[in-house]
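Read through the structure below, which is laid out as C-alpha cells, and then see the notes.
The values are calculated or read from the model by the stated rules, or taken from the named source; none is laboratory data. These numbers come from a predicted model, not from an experiment. Positions of Cβ are generated from backbone atoms using ideal geometry, with glycine treated the same way; all protein chains shown enter the neighbour counts.
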Amino acid sequence: MKPVIGITTYMMELPKKTYAAVSSNYVFSIKKAGGVPLLLPMVCDREVLQGYLNIIDGLLLTGGDEGINPQLYGENPVKELECICTERDECESYLLENALESGLPVLGVCRGMQLMNVAAGGSLYQDIFTQIENSLGHLPKHMPVDALYHKVKLSEHSILEEVFGTSELMVNSFHHQAVKNVAETFRATAVSEDNIIEGIEHQDHCFAVGVQWHPEDLTVKHTHFLKLFKAFVDVAGA
C-alpha cells in the first residue's frame, strides 16, 4: 500500500458556491513521488480532524494567500497584511501538533512553513518589504510559477542539503511574510542572500520540514525538486 499523504485545502469563494480547493501541482507532485494524495477539507471539528490523522501517513501543509493571524504571536496586524483566516490557522495547527506528536512526517510549503513556526511558538515578519531593511525581491508580480527567481543557501547536515545534494539552490518565490524568530523546536536550514529564512526543520522529529518557496510548481520543469516530495513520501511509507 502506497503511503497516504493528507494535503490541506483552503476555502475558495466563487459567486455561487464555496469550494475546498488547492493547487493541483501538490497532487501531481505527491503522486509522482509515489504517494496517494488525499485532500483534507478545512473542517474545524476536532473529531473530523482526528479522523484525517487516523488515515494519513504524512501531512502536507500547503501555501495560500491568507496570512497567519499575528495575534498568535502577540502582534496586531500591520496594514500590509490584507487577509487572514483564523479557521485555517486553527485547523492546521491542530493537525500539525497531533501529527508531530504521533510521529507523522510533515512538509510545510510557504504559508505551511510559517504555520509550522508559529504553531510551535515562533513569530513572523508580517511584511518583509516594510519590516526588513534592504530586503530583496521575494514576490515578483509577473513571473511564471515554475520560474527560478533567487538563490537560497542550505545548511550543512540539514535534510534539505541531503535531499538536494548541494549547499545552494535556485528557487521560485511568492511571499511577503517570512519567519522572524524561529521556534525553539525548529532550526533555520535555508536562507536567502538577504538573510530571510527560507527553510526550517524540526530538531527532534524524523521529518518535519518547511520551505518558503513553492517546490510543487517546479517538479515538472525542474525535476530535481521532486526529490523533496520523494524524501517526504519515503519517510511516510517507512
Complete set of residues in the stretch 156-196 that are crowded, with 18+ Cβ neighbours inside 10 Å, among the charged types (D, E, K, R) and over 24 Å from Lys227 (Cβ atoms): Lys180
Would you call Glu184 free of Cβ contacts under 8 Å to residues at least 40 places away in the same chain and out of contact with any strand residue (DSSP E or B) (no Cβ under 8 Å at 6 or more places or on another chain)? no
Considering (1) over 30 Å from Val48 (Cα atoms); (2) out of contact with any helix residue (DSSP H, G or I) (no Cβ under 7 Å at 6 or more places or on another chain); (3) of a type outside the set (A, V, I, L, M); (4) crowded, with 21+ Cβ neighbours inside 10 Å, say which one Cys110 fails and leave the rest. (1)
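Within the stretch 123-138, can you find the residues that are farther than 18 Å from Val78 by Cα and surrounded by fewer than 21 Cβ atoms within 10 Å (Cβ to Cβ)? So that I can check it myself, show each step before the final result.
Here is the first cut: in the stretch 123-138, the ones farther than 18 Å from Val78 by Cα are 134, 136-138.
Selection gives Asn134, Leu136, Gly137.
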One residue from Ile56, Ile68, Ile7 being touching a residue at least 40 places away in the same chain (Cβ under 8 Å) and touching a Pro at 6+ places or on another chain (Cβ under 7 Å): Ile7
Against the definition (buried (at least 19 other Cβ atoms within 10 Å of the Cβ), in contact (Cβ under 8 Å) with a residue 60 or more places away in the chain, over 17 Å from Leu61 (Cα atoms) and of a type in the set (A, V, I, L, M, F, W, C)), how does Ile200 come out, yes or no? no
Within the stretch 32-74, restricting attention to residues that are within 19 Å of the chain's Cα centre (by Cα) and acidic (Asp, Glu), which residue is surrounded by the most Cβ atoms within 10 Å (Cβ to Cβ)? Asp57
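Anything in the stretch 1-15 that is part of a strand (DSSP E or B) and either modelled with pLDDT under 95 or among the aromatic types (Phe, Trp, Tyr) (or both)? List them, or say none.
Within the stretch 1-15, the first condition is being part of a strand (DSSP E or B), and the residues that meet it are 4-8, 10-13.
Tyr10, Met11, Met12, Glu13, listed by residue number.
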Against the conditions (1) more than 20 Å from Val209 (Cβ to Cβ); (2) within 15 Å of the chain's Cα centre (by Cα), where does Gln177 fall short? Just the number, please. (1)
